[in-house]
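Read through the structure below, which is laid out as structure tokens, and then see the notes.
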Amino acid sequence: MQSSSFRVDDFLAGWIGEVAMVTGSLQLSPRFVFQTRLQAGNGYRNTLHCILTIYRKETAAGFFKGMSFPLASITVYNSVVFGFFSNAQRFISTYRYGDGRHPCSLLDLTAASMLTGLVSVGLGAPVDLVKIRLQMQTQTVLAGIQQLYRGPVHCVSSILQTQGLPGLYRGAGAMVLRDVPGYALYFIPYSVFCQLLTPETSTAPHPCSIWLAGGLAGSISWVTATPADVVKSRMQADAQLHRKYRGLLHCILDCYRSEGVQVFFRGASVNAIRGFPMSSTMFLTYELSLQFFRSF
């Protein structure tokens, strides 16, 4: 039996892919703000109305609120995500087939994807919480309420002082509902599309196939994750001083009773649009980097 081997190049390739994606995200970052405001904010009729309202009240700077912390930390986050997913596949293949290089079945990919989703929550929940608190506090300032946080570091320290470590993981339950199935609907469609787009005579997918498969997988994953993402955003925006939701179930029921089922699909179009270019760049750079490292 060949033992599974832990590989660092997957983490490094994930980091390089995320650097490339973050470079593009600097142009796409306003869409993160639109998404958060649509899902957790009040008074926005649609995406266009949200854009115009932010610009009129906060100028162009409002489109980039709360983005410094996630953009700085996301490279580490996705490096861990892609590295863990690849190593989880090798571990499962070694355990089931006796060879870490054995191709994974659909069930194997599902298990590795869902485990990756759980790991991502542990890393990503505090990052998302800080991003959303900084983006949403602008509304309270405009409403005449004093600003709570001066920046990401002050936001983290304030939450730790008042609520402890659990405060940084508010909304983590909704994030589990988003990321565990979400990563399965991220990595599995990518693998399926790569296989469909690769000719039988070829041993590896063409870069164009990787780009297209990654983009489609990103759009599918983010659109299907939108309902859980709405609940997560609302719970994380629900600050201690003005707490509205007692827990995950209460948030879901309150949103449904007050705004109907359509509330769970707020920001779906933004998710679909941002998912394609970000994921296509991520997967293409990741795969090309991995090929480079393993060519030596």
Cα centroid separation, segment 161-216 to segment 79-123 (Å): 12
Under 11 Å, Cβ to Cβ, from GLN236 - net charge with Lys/Arg +1 and Asp/Glu -1: +2
Solvent exposure ordering (accessible area, 1.4 Å, most first) of VAL263, VAL153: VAL153, VAL263
Expected-Rg normalisation [2.2 N^0.38 Å, Cα atoms] applied to segment 171-295: 1.31
Inter-label distance for GLU259 and HIS206, nm, one decimal - labels placed 7 Å from Cα along Cα-to-Cβ: 4.3
Net charge over other residues, Cβ less than 11 angstrom from the Cβ of LEU177 (K, R count +1; D, E count -1): 0
Whole-number accessible area per residue in Å² for segment 171-295, which is evaluated in the context of all protein chains at 1.4 Å: 47
Spin-label pair SER191/LEU288, simplified geometry with 7 Å Cα→Cβ offset, distance in nm: 2.5
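The values are calculated or read from the model by the stated rules, or taken from the named source; none is laboratory data. From a predicted model like this one, the values you see are computed outputs, not experimental measurements. We place every Cβ from the backbone using ideal geometry, glycine too, and count neighbours over all the protein chains shown. Note: areas computed on protein heavy atoms with side chains; ligands, DNA, RNA excluded. Shrake-Rupley method; radii C 1.70, N 1.55, O 1.52, S 1.80 Å.
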